[in-house]
Amino acid sequence: MHNRMFPQPIHYSSRIRNLQRFLVLPQLSVRLLWFPILKHWLSEEFKTGHGNRAYRRARLKRTIDGYVVMAVDRTQ
């Protein structure tokens, strides 16, 4: 049976570089990935008649004058 472990340890700085390369992929852009996800989530969350009465009342408390307030942190 072959050993499936890589014989050399992976350095912390190498892990960081690989993660940074992954996070800057064009497929992970706000427009292509995150806006559609947020749009779908909001449309599902604020469907009329979705949830019981207590849930709908709590949902209304999370809005300000009918607007949903979201904070997006893009710290890199």
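The values are calculated or read from the model by the stated rules, or taken from the named source; none is laboratory data. Since we're looking at a predicted model, the values are computed, not measured. Cβ sites come from the backbone with ideal geometry, for glycine too, and all protein chains shown count toward neighbours.
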(request) Might you check whether a residue that is touching a strand residue (DSSP E or B) at 6+ places or on another chain (Cβ under 9 Å) and either on the phi > 0 side of the Ramachandran plot or modelled with pLDDT of 70 or more (or both) occurs anywhere in segment 44-54? (result) yes
(message) Can you tell me how many residues within segment 4-29 are surrounded by 10 or more Cβ atoms within 10 Å (Cβ to Cβ) and under 13 Å from the mean Cα position of the chain (by Cα)?
(response) 2
(message) Being part of a loop (DSSP other than H, G, I, E, B), surrounded by fewer than 11 Cβ atoms within 10 Å (Cβ to Cβ) and either among the hydroxyl-bearing types (S, T, Y) or in contact (Cβ under 8 Å) with a residue 12 or more places away in the chain (or both) is the filter here; which residues of segment 30-69 pass it?
(response) T48
